[in-house]
Structure formats: structure tokens, C-alpha cells
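Report on the following structure.
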Amino acid sequence: MYSAFIQPKSPQFYSKISGVETVIKIEKGVIEQNRIPVLEGVDLSINSDEFVYLIGRTGSGKSSLLKTLYGELSLSGGTGLVAGFDLNKLRKKDIPSLRRKLGIVFQDFQLLTDRTVKQNLLFVMGASGWKDKKAMEKRALEVLQLVGIEQKINTMPHALSGGEQQRVSIARALLNNPKLILADEPTGNLDPETSEEIMRLLIAVSRESNAAVLMATHDFGMIEKYPGRIIRVENKTLNEVRSKNDFDPFA
């Protein structure tokens with residue numbers, strides 16, 4: 001189980017197994033909600049060897065950016081590439097293919113409450129094009145082993161703790177060997193000790209899977225403990241924070 005042996009070091013400490021590639025490239029991007037600009041002049045580049053924090057006030061546009069990256073919102077202006085997909089040419093029928101290249105981890109877990117852990121994973125694999133039942137069951141067990149929760153494979157979500165549910169959510173995100181993991185406040189509903197376990201797990205699976213991580217968070221304690229690259233959403237655009245001393249989390 002990763003959390004048992006990964007020590008609390010910076011995400012930047014870990015090296016990737018293979019060559020670096022750009023997984024997100026947005027230039028002069030515009031993102032709208034109901035035809036009202038939420039973000040403008042967005043320039044963002046993330047490589048496969050990076051663990052990046054996305055910070056900003058509630059309502060600043062963090063979730064809108066993530067939704068654009070996984071195809072729920074359209075890019076209204078500028079250019080954008082995500083995991084090899086051109087956001088300007090992304091059609092509705094292309095979105096499932098895009099999401100197969102991504103792993104998405106939500107604050108509220110978003111597990112199907114009427115299905116076991118294994119059934120949750122099999123459902124996602126079926127929806128993303130898997131056909132071979134034996135291969136699906138093998139992969140489900142593999143990702144649960146990666147996050148240290150394989151013993152809960154036949155458990156219903158309501159019988160899991162919050163930390164266990166988030167581990168299942170991370171396992172689900174890893175099913176298709178993503179190039180990029182998008183995490184939207186993954187520790188927001190967890191106690192501090194469990195939050196740290198999840199943080200260390202995300203770092204470990206990023207290293208093991210050779211996947212970039214873009215994590216929206218309000219948890220500045222984790223940023224202090226696991227320093228990494230920081231992007232701040234403010235004034236309808238993105239700005240890189242060069243060091244933790246360049247921003248006041250309580251402002």
C-alpha cells in the first residue's frame with residue numbers, strides 16, 4: 001500500500017520513468033459559463049513530470065478550468081491541447097475518448113451507491129470501451145491493490161469511510177492508465193490525517209503511473225508540506241506563484 005512507504009517529500013522530488021511530454025497546453029484561452037466569461041487570457045502548460053496545485057477563492061474559476069480540460073465545458077477562445085486532444089476541434093462524440101486519457105478525482109467521490117466497489121469500477125470500464133470481462137476484473141483488482149484497498153472489493157460504498165471512498169475514486173481514475181490526473185478538492189471532505197494519506201497516495205500513483213497531476217485545493221497545509229508548482233486563479237485569469245512566499249492564503 002503506497003501510503004505505508006511513501007515518505008512526505010515534495011512531488012518535485014520524484015522522477016518520471018519515461019520521457020517528458022506536454023499533457024496540457026492552453027494559450028490565450030477563454031472559458032465561459034452561460035456566455036459570461038469566467039476565465040480569459042488563460043496560458044497554461046503542464047508536463048508529464050509535474051504535480052501542480054490550482055488555488056483560488058471559491059467561485060474564481062478553478063472548477064470551470066477543470067471542466068474544460070475534461071470536456072464538460074467548451075473552450076470559447078484561444079487554443080488548447082489536452083492529452084493529445086485539440087479542444088477547439090473536440091466534438092461531443094470525442095469526449096469519451098478524451099476522458100479515457102484522463103483520471104478524474106472528485107471531492108464528493110461520486111461513487112454509484114447501489115453497486116459494490118468492483119461493480120463501480122466495472123461500470124466505468126464498460127462505459128469507456130472495455131469488453132473482455134476477465135481483463136476488466138483483473139484491472140479492477142490491480143488498481144485497488146495500487147491504492148491499498150483490494151480487501152474492500154465487494155463492499156458497498158456506504159460501508160466505507162471517507163478516506164476509503166476517496167481511495168476507490170483514485171483507483172477508478174487509474175483504470176485507463178491516464179496521462180493526466182485532475183483532482184478537484186480531493187481532500188476537501190476528509191479529516192487532516194486521512195487528507196495526508198490521500199495526498200501521499202496521489203504523489204505515489206503519479207510517480208508510478210507516469211501521470212501529471214493538476215490538483216485544485218484550499219488545503220494550504222498540504223502545499224506547505226508537499227511543495228510543488230502553484231497556479232493561482234484570480235481576476236479571471238491564471239498566474240503562476242513562484243514560491244509559497246508570494247501569496248497569502250488568508251488574504
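Each reported figure results from applying straightforward, stated rules to the coordinates on display, with no laboratory input. Remember, predicted model here, so these are calculated numbers, not experimental data. Note: ideal-geometry Cβ built from the backbone for every residue, glycine included; neighbour counts use all protein chains shown.
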| request: Grab the other residues whose beta carbon is less than 10 angstrom from that of D132, score K and R as +1, D and E as -1, and report the net. | output: +4
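Using the Kyte-Doolittle scale, which helices in the chain average at least -0.5 and also have C-alpha atoms spread 24 Å or more along the helix axis, with helices defined as whole DSSP H runs? Please list the in-between numbers first.
Values: long enough: 192-209 (25 Å, -0.18).
Counting only whole DSSP H runs, the qualifying helices are 192-209.
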| Among 49-62, 177-190, what's the highest-first ranking by average C-beta atoms within 10 angstrom per residue? | 177-190, 49-62
| field | Sparse-neighbourhood loop sites, chymotrypsin sites (Phe, Trp or Tyr not before Pro) in region 158-251 - DSSP loop, at most 13 other Cβ within 10 angstrom | value | F250
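Around K25, with a cut-off of 12 angstrom between Cβ atoms, what is the net charge of the other residues, counting Lys and Arg +1 and Asp and Glu -1? Present the calculation step by step, with values, prior to reporting the outcome.
Working: positive: K28; negative: E21, E27, D43, D86.
Within the 12 Å Cβ shell, the charges total -3.
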| query | Taking K and R as +1 and D and E as -1, what net charge do the other residues with C-beta under 10 Å from the C-beta of P157 add up to? | reply | 0
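Jot down the per residue volume, in cubic angstrom and as a whole number, of the convex hull over the alpha-carbon atoms of region 153-214. Kindly include the intermediate steps, with their values, before the conclusion.
Values: hull volume 5.2 nm³, N = 62.
Convex hull volume per residue, Cα atoms: 84 Å³.
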| For peptides 110-116, 140-146, sequence by mean Cβ density within 10 Å, most packed first | 140-146, 110-116
| task | Would you compute, from DSSP H runs of 4+ residues alone, the mean residue ellipticity of the chain at 222 nm, taking -39500 (n - 2.57) per run and dividing by the full residue count, rounded to the nearest 500? | result | -9500 deg cm²/dmol
| said: Between L39, L73, L238, where does the largest GNM mean-square fluctuation fall for the chain, given springs only between Cα atoms within less than 10 Å? | reply: L73
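Antiparallel versus total DSSP beta bridges in the chain: what percent is that, nearest 5? Walk me through the intermediate numbers first.
Working: 21 of 39 bridges.
If we restrict to bridges inside the chain, about 55 percent are antiparallel.
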